[in-house]
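The values are calculated or read from the model by the stated rules, or taken from the named source; none is laboratory data. Keep in mind it's a predicted model, so treat the numbers as computed, not measured. Cβ placement follows ideal geometry from the backbone for every residue including glycine, while neighbour counts extend to all protein chains displayed. SASA here: full protein model, heavy atoms, side chains in, ligands and nucleic acids out. Shrake-Rupley method; radii C 1.70, N 1.55, O 1.52, S 1.80 Å.
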Amino acid sequence: MRARSVSVLLFGVLATPALAAPAAQESAAWVNRLTWGASAADTGSDKAGSGHWLDAQLKHLDDSLPPEAAARIAAMRISREPLAALVVEQDAAIRYANKLPDPAQRDAARKAYQQGMNALANEAATRSLLRDLYAPDQLREQLTWFWFNHFNVQAQKRDIRAMVGDYEDTIRNHSLGKFRDLLEATLKHPAMLRYLDNDQNAANHINENYAREIMELHSMGVGSGYTQKDVQELARILTGVGVDLSPNAPKLSPQRQALYVRAGLFEFNPNRHDFGDKQFLGHTIKGSGFGEVEEALDLIARSPATAHHVSEQLATYFMGDTPPAAVVDRMTATWQRSDGDIAQVLRTMIRASEFRQSLGTVFKDPVHYAISSVRLMYGDKVIVNAQPIIGWLNRMGEGLYARETPDGYPMTSAAWTGPGQMSVRFEIARQIGGGAAGLFKPPVPPAAVAAVGMGEAPTMMAPGMTSATPPAATAPLAQPPVPIPALPRLQTAAYYSAVAPALGGQTRTALTQASSPQEWNALFLSSPEFMHR
């Protein structure tokens with residue numbers, strides 16, 4: 001695209017666009033805020049933001065997908081094989097590789113293991129994007145991303161690549177329920193226990209990593225009144241909460257056998273637990289086993305500090321950098337009244353007049369930008385290759401499952417508006433606006449997929465595994481050829497007609513300078529109006 005057109009948009013891209021009142025335009029604004037962005041299915045609709053539409057998003061969840069997308073997901077290993085089987089198979093593969101005496105065979109087997117792990121993480125990323133692009137219950141898909149980021153794990157660590165798809169699914173299944181249930185679901189998931197090392201937390205060998213992040217990030221928040229002593233006591237409560245890949249229970253005394261808890265790969269091992277009494281958040285928790293964890297989670301989830309902190313995080317995600325304190329206070333009150341019912345808290349936020357006033361003012365982070373661009377350009381054409389989107393997200397610094405630190409990606413606009421980041425975003429706008437044909441070309445086989453994350457292979461031998469155990473095979477998924485759709489022209493789309501009256505002068509000037517449909521598309525996708533939701 002021409003330099004002058006780009007400079008016009010670069011100058012104005014951080015401007016806050018003002019949306020006017022016409023019904024179609026306001027509906028488009030609601031769609032852009034509460035979904036991953038307008039698609040062909042949304043154009044011309046005036047139902048977004050209505051009570052019936054909101055009820056459907058919050059209460060009547062719809063798992064249906066276009067047949068092509070549903071078939072691709074159904075064919076994935078992460079869909080066909082239980083989590084425990086996948087993890088144990090991959091664990092057997094690396095142990096087999098590490099036992100091979102021949103260096104060349106050992107290197108080849110290790111490479112096959114890494115390729116298999118990358119393929120599993122890539123399946124999870126592809127499934128996540130297909131749902132974001134095409135799922136009817138768009139609000140749930142946005143919340144799945146929010147909660148994953150809130151309870152962040154990094155796929156590259158240890159064997160989490162084999163777990164991340166199931167972890168995301170677990171979060172998705174609890175994304176609109178009670179926060180207390182979501183908190184426990186993440187606590188019991190092996191991906192979280194691996195990521196924050198609680199599987200290494202045992203009596204007389206305390207690891208505080210997970211306990212600290214529960215308090216600081218997942219629930220009450222920094223400066224909310226808990227102490228370092230509370231973190232230490234929570235770490236003691238969490239001793240014995242871990243992961244076990246063996247099919248056999250540990251040897252336990254008769255007194256402790258009834259205290260043993262196992263669900264899939266999750267394990268509470270009383271042999272590793274500190275049974276001393278604990279003083280946590282002003283309460284005495286008697287040593288009783290996993291019941292201590294349940295009691296601690298009750299205290300955390302029902303804390304007023306948790307209600308306020310997580311409500312503020314939700315409001316920041318949906319309303320922008322500094323959500324109105326009055327809205328956060330009303331959300332907090334709903335949280336406490338409903339015992340942390342996420343859907344009710346969201347309804348309070350969405351029905352606030354301040355929420356409506358904020359429509360169109362929140363700068364899109366890279367995930368919102370990439371998905372909304374593809375939805376607008378190709379919303380009614382199912383992509384066959386998610387790799388270009390995965391690559392765009394990595395280039396923009398918000399790769400799926402790639403955040404190293406437990407705080408998750410930042411939600412404030414300042415994190416995504418640097419000159420270098422904007423330059424990359426404009427280049428991606430040019431690719432999408434020009435057709436992005438790679439989205440409709442079958443992906444390379446999983447064995448050749450670049451790493452979503454290249455974690456170090458584990459080196460311990462699992463009980464029952466031997467060097468004779470062969471690695472698990474990972475077969476590429478067959479993708480039938482799909483014709484590349486004709487270039488959409490955003491200039492003639494109903495969505496553009498709805499938002500055209502709100503375009504600023506700089507955007508109008510830039511669009512008149514477009515010399516081709518490709519350039520017009522790219523300029524519109526680069527506009528400050530499209531950059532906001």
task: Please verify whether the range 405-413 includes one or more residues that are among the aromatic types (F, W, Y), at pLDDT 50 or above, open to solvent by less than 40 Å² (accessible area, probe 1.4 Å) and on the phi > 0 side of the Ramachandran plot.
output: no
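Quick grid of which residues meet (1) touching a His at 6+ places or on another chain (Cβ under 8 Å); (2) under 22 Å from K157 (Cβ atoms); (3) surrounded by 16 or more Cβ atoms within 10 Å (Cβ to Cβ); (4) of a type in the set (D, E, K, R):
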{"residue": "A75", "(1), (2), (3), (4)": "no, no, no, no"}
{"residue": "A92", "(1), (2), (3), (4)": "no, yes, yes, no"}
{"residue": "R95", "(1), (2), (3), (4)": "no, yes, yes, yes"}
{"residue": "P101", "(1), (2), (3), (4)": "no, no, no, no"}
{"residue": "R110", "(1), (2), (3), (4)": "no, yes, yes, yes"}
{"residue": "Y113", "(1), (2), (3), (4)": "no, yes, yes, no"}
{"residue": "M117", "(1), (2), (3), (4)": "no, yes, yes, no"}
- prompt: Among the residues of the range 178-214, which ones are farther than 19 Å from A84 by Cα, aliphatic (A, V, I, L, M) and either without any contact (Cβ under 8 Å) to a residue 12 or more places away in the chain or part of a helix (DSSP H, G or I) (or both)?
  reply: L182, L183, A211, I214
- prompt: Among D132, D230, which is the only one that is open to solvent by less than 30 Å² (accessible area, probe 1.4 Å), among the charged types (D, E, K, R), in contact (Cβ under 8 Å) with a residue 60 or more places away in the chain and farther than 23 Å from E267 by Cβ?
  reply: D132
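This table checks each residue for (1) more than 22 Å from D197 (Cα to Cα); (2) of a type outside the set (D, E, K, R); (3) modelled with pLDDT under 95.
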{"site": "L130", "(1), (2), (3)": "yes, yes, no"}
{"site": "P136", "(1), (2), (3)": "yes, yes, yes"}
{"site": "W145", "(1), (2), (3)": "yes, yes, no"}
{"site": "N152", "(1), (2), (3)": "no, yes, no"}
{"site": "R161", "(1), (2), (3)": "no, no, no"}
{"site": "G177", "(1), (2), (3)": "yes, yes, no"}
task: Mind listing whichever residues of the range 121-149 are small (G, A, S) and either at positive phi or under 10 Å from the mean Cα position of the chain (by Cα) (or both)?
output: A125, S128
- request: Inspect the range 416-429 for any residue being farther than 20 Å from L143 by Cβ, among the β-branched types (V, I, T) and in contact (Cβ under 8 Å) with a residue 40 or more places away in the chain and give the result as yes or no.
  value: yes
- request: Determine which member of the set A343, A296, A301, A315 is open to solvent by less than 50 Å² (accessible area, probe 1.4 Å) and either out of contact with any helix residue (DSSP H, G or I) (no Cβ under 9 Å at 6 or more places or on another chain) or free of Cβ contacts under 8 Å to residues at least 40 places away in the same chain (or both).
  value: A315
- prompt: Does the range 379-394 contain at least one residue that is surrounded by fewer than 16 Cβ atoms within 10 Å (Cβ to Cβ), out of contact with any Leu (no Cβ under 8 Å at 6 or more places or on another chain) and over 19 Å from D132 (Cα atoms)?
  reply: no
task: Of the conditions (1) aliphatic (A, V, I, L, M); (2) touching a residue at least 12 places away in the same chain (Cβ under 8 Å); (3) within 23 Å of D197 (Cα to Cα); (4) assigned to a helix (DSSP H, G or I), A125 clears all except one; give me its number.
output: (3)
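Each row is one residue, and each column tells you yes or no for (1) in a helix (DSSP H, G or I); (2) closer than 22 Å to A502 by Cβ; (3) of a type in the set (K, R).
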position	(1), (2), (3)
F355	yes, yes, no
T361	no, yes, no
Y369	yes, yes, no
R375	yes, yes, yes
V384	no, no, no
G391	yes, no, no
task: Enumerate the strands (runs of 3 or more DSSP E) found wholly within the range 225-310, keeping only those where 3 or more residues are of a type outside the set (K, R).
output: 241-243, 266-268, 283-285
- request: Give me the pairs, please: first residue somewhere in the range 254-279 and within 27 Å of D166 (Cβ to Cβ), second residue anywhere and small (G, A, S) and in a helix (DSSP H, G or I), beta-carbon distance under 9 Å, and either six or more positions apart or on two chains.
  value: L259/G291; G264/A84; L265/A84
- request: Mind counting the residues in the range 148-165 that are out of contact with any Lys or Arg (no Cβ under 8 Å at 6 or more places or on another chain) and part of a helix (DSSP H, G or I)?
  value: 5
task: Please specify each residue of the range 276-293 satisfying the condition of being out of contact with any Gly (no Cβ under 6 Å at 6 or more places or on another chain) and open to solvent by 10 Å² or more (accessible area, probe 1.4 Å).
output: Q279, L281, G282, H283, T284, K286, S288, F290, G291
